[in-house]
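Report on the structure given below.
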Amino acid sequence: MLVSRKKKSILSSLVSFSLLLATVGCSTPAPSTTQPTTDPKSQQAKTEIFVSAAASMTDVLQDVKKEYETKHPDVTLTYNFGGSGKLAQQIEQGAPSDLFISASSKDMNSLKEKSLIAEDSLTKLVTNEMVLIAPKESTISVDSFEKITPALVKQFAIGEPSSVPVGRYTEEALTKLGLWEKMKPTMVYAKDVRQVLTYVESGNAELGVVYKSDALTSDKIKILATANQEWHSPIVYPAALVKVTKHQKEAQEFLTFLTTDFSKSAFEKYGFHPVK
């Protein structure tokens, strides 16, 4: 009888202990009052700035991009390079762009007249020169634009004057020299100055006209002559914020960076000149 009572007591204790364990296991722990530590900057989305820039700015702006994004990790620069006339047309048609850098005042002014740029942001960045180039192994002996003749070449590469500033400057210079109509039958028109460079590098054109800054980027061509600046309109690169930009502060900060000592040195490295 005593043994039976002991068994019942032990069994009762085991049941009670099991119920206690079940209760503890199913209970919900109190919420922690310690919040996880997060870095706001790591979760912040980068601001993407779209820059429509003249093709002749391709190399220098890539250098500027590396430096700027290192100093501004919250910003991403996205470039759209091309002929300034085409870029202005794209902006006019609503293509995404926060900043426009043109190779001519004419294309910038066309947007200004349509109230498509923020006039108070308009800045003249640099100037350039126009040069006559030939493939590196060319035997053509010309040391001046005045000596260009149709007899020298079958294909003469220039930018399309209606949309490419370097083509417009070329037309002005050759017209001034009385050579425009004479050279027309040999002309091959390019969509931007970099395509002119490619035509000459590949030997598809015996001569071409590009900016000095573009010529200096290639070891496949040689400079034969430099155009007299009195033959054409001033080659000035204006820049301005596009009026509808949603990132006015960030776009203006980048435009300001383009006038810093770092950017000035980069421009000079690639053959551009400061505005006088």
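The values are calculated or read from the model by the stated rules, or taken from the named source; none is laboratory data. Every value quoted in this text rests on a predicted model; they were computed, and no experiment measured them. Glycine also receives a Cβ, built like all others from the backbone with ideal geometry; neighbour counts cover every protein chain displayed. Note: accessible area is taken over every heavy atom of the protein model, side chains too, but ligands, DNA and RNA are not part of it. Shrake-Rupley method; radii C 1.70, N 1.55, O 1.52, S 1.80 Å.
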Residue within the stretch 137-158 that is open to solvent by 10 Å² or more (accessible area, probe 1.4 Å) and either closer than 29 Å to residue 109 by Cα or part of a strand (DSSP E or B) (or both) present: no
Of the criteria (1) touching a residue at least 60 places away in the same chain (Cβ under 8 Å); (2) in contact with a strand residue (DSSP E or B) (Cβ under 7 Å, 6 or more places away or on another chain), which one residue 96 fails: (1)
Qualifying residue in the stretch 169-176 (condition: under 24 Å from the mean Cα position of the chain (by Cα) and either assigned to a helix (DSSP H, G or I) or surrounded by 15 or more Cβ atoms within 10 Å (Cβ to Cβ) (or both)): yes
Filter result (at pLDDT 95 or above, more than 21 Å from residue 125 (Cα to Cα) and among the hydroxyl-bearing types (Ser, Thr, Tyr)) within the stretch 36-71: 47, 70
Residue among 265, 213, 233, 218 that is free of Cβ contacts under 8 Å to residues at least 60 places away in the same chain and open to solvent by less than 60 Å² (accessible area, probe 1.4 Å): 218
Pairs, first over 17 Å from residue 102 (Cβ atoms) in the stretch 240-261, second surrounded by fewer than 20 Cβ atoms within 10 Å (Cβ to Cβ) and of a type in the set (Val, Ile, Thr), C-beta under 7 Å, six or more apart: 247/47; 250/47; 250/75
Matching option when the condition is of a type in the set (A, V, I, L, M, F, W, C) and under 30 Å from residue 50 (Cα atoms), among 152, 174, 125: 125
Residue within the stretch 248-258 that is within 17 Å of residue 87 (Cβ to Cβ), among the β-branched types (Val, Ile, Thr) and in the same structural domain as residue 112 (by the TED database) present: no
